[in-house]
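Bear in mind these aren't lab numbers, they're just calculated from the coordinates by the rules spelled out. What you see is a predicted model, and the numbers here were worked out from it, not measured in a lab. With ideal geometry, Cβ positions are generated from the backbone for all residues, glycine too; neighbour counts draw on all protein chains shown.
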Amino acid sequence: MKLPSLLILADRGHFLAYSVASTSRGASVKLMVSTELTEAQERLGEKLTDKAGSFPVVGTGVHANSSAERMSLSAELESRTFRDIAKKIEAIVNEKQPESWAFAAPSEINSAILDGLGARTHQRLIQNLRRDLTRVPPREMLERFTSATSAGTR
């Protein structure tokens, strides 16, 4: 299997997209997009106020409010970050229209990001590495995808 023409890397704080070109010396990568996901890196204290949320309580027979949230704030913020990454992937794949693309993200967030993709984008995904490669130099990152390709990883 040959390398895809687009490599996308993500973790909780970074999003990177590389184009891959074949040259006479082998494959080369060029950074197209590099984004820091600042919301994921902010501390909860920077996002919160001291005012409790107010959610309606049902089934009590009277009107009441609860200050408990349905999902923990950190889980909601993490979920929002994964949706944002999926939207970025969709936008790049739709803009560049690669025949195929590859993805790498840490195993604990990999599936959550890919679950947010549309069917057309997901069909073009030919390689999925459950590793954090966002801080790996481009040459080494390309080698990791190449070695996984020769090993048949998806």
note = Ranked on Cβ counts within 10 Å of their own Cβ, fewest leading, THR81, THR35 go THR35, THR81
request  = State the extension gain, in nm to one decimal, for the chain segment bounded by GLU95 and THR23, taking 0.36 nm per residue of separation less the distance between their alpha-carbons.
outcome  = 23.6 nm
inquiry  = Roughly how far apart, in whole Å, are the Cα centres of region 77-109 and region 123-147?
reply    = 14 Å
